[in-house]
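Below: one structure, written as structure tokens.
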Amino acid sequence: MATIFTRIINGEIPGTFVHRDDRCVAFLSINPLAHGHTLVVPIEEFDHWIDMPADLTAHLFEIARRIGVAQNTAFDPERVGIIVAGYEVPHTHIHVIPTHTMGQFNFANAAAGVDRDELESAAHAIRVALQAQG
């Protein structure tokens, strides 16, 4: 059975995308730890990130870095951090999170939901910053 992320990637469930290529996508979290919290997800399902081929892992982390640079430009956080936990959905994903405090990295504090306009606003800011990167 397809994961929720595969269903988002395939357009069966709405997603607020900021990046898509032939190997991965990046879309905003609907349970964000911070404004602009983005997930970088391989198109192919891998339950555990260490099971991915090295070149795909490198690609995902490069996209995560680019997203982080864009978040840094768009939101001016103190830090942009990443988390690869793998417990929430059995489909590898990298959380890229613009933060102002270490406490923002606690999943117990994740928003229960987010307003669609807020998602679109954050996505637009990230897309503009990504386009400026070239």
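The values are calculated or read from the model by the stated rules, or taken from the named source; none is laboratory data. Since the model is a prediction, treat every value here as computed from it, not as a measurement. Heads up, the Cβs are rebuilt from the backbone with ideal geometry, glycines too, and the neighbour counts pull from every protein chain shown.
Can you tell me which condition M52 does not meet? The list is (1) over 13 Å from the mean Cα position of the chain (by Cα); (2) under 21 Å from Q133 (Cα atoms), and all the others hold.
M52 satisfies all of (1) over 13 Å from the mean Cα position of the chain (by Cα); (2) under 21 Å from Q133 (Cα atoms) except (2).
Out of all the residues in the stretch 24-54, which are of a type outside the set (G, A, S) and within 17 Å of A74 (Cα to Cα)?
If the condition is that a residue be of a type outside the set (G, A, S) and within 17 Å of A74 (Cα to Cα), then F27, L28, P32, L33, H35, H37, T38, L39 are the ones that fit.
Name the residue, out of V18, V89, V25, V69, that is outside any loop (DSSP other than H, G, I, E, B), surrounded by fewer than 21 Cβ atoms within 10 Å (Cβ to Cβ), in contact (Cβ under 8 Å) with a residue 60 or more places away in the chain and not polar (S, T, N, Q).
V69
Suppose we keep only residues that are surrounded by fewer than 12 Cβ atoms within 10 Å (Cβ to Cβ) and of a type in the set (A, V, I, L, M) within the stretch 92-134. Which one would you say is nearest to A64 (Cα to Cα)?
My answer is A132.
Is it true that G81 is over 22 Å from G134 (Cβ atoms), of a type in the set (G, A, S) and either in contact (Cβ under 8 Å) with a residue 24 or more places away in the chain or not in a loop (DSSP other than H, G, I, E, B) (or both)?
So G81 passes the test.
Name the residues in the stretch 95-134 that are part of a helix (DSSP H, G or I) and either of a type in the set (A, V, I, L, M) or touching a Pro at 6+ places or on another chain (Cβ under 7 Å) (or both), would you?
Result: M102, A108, L119, A122, A123, A125, I126, V128, A129, L130, A132.
Does T57 satisfy being under 16 Å from H95 (Cβ atoms), outside any loop (DSSP other than H, G, I, E, B) and among the hydroxyl-bearing types (S, T, Y)?
yes
Given (1) at pLDDT 95 or above; (2) over 16 Å from T16 (Cβ atoms); (3) more than 13 Å from the chain's Cα centre (by Cα); (4) not polar (S, T, N, Q), where does I94 come up short, assuming only one miss?
Here I94 meets the rest and fails (3).
Would you pick out the residues in the stretch 72-85 that are on the phi > 0 side of the Ramachandran plot and buried (at least 16 other Cβ atoms within 10 Å of the Cβ)?
none
Can you tell me how many residues in the stretch 50-91 are at pLDDT 95 or above, closer than 19 Å to T6 by Cα and hydroxyl-bearing (S, T, Y)?
1
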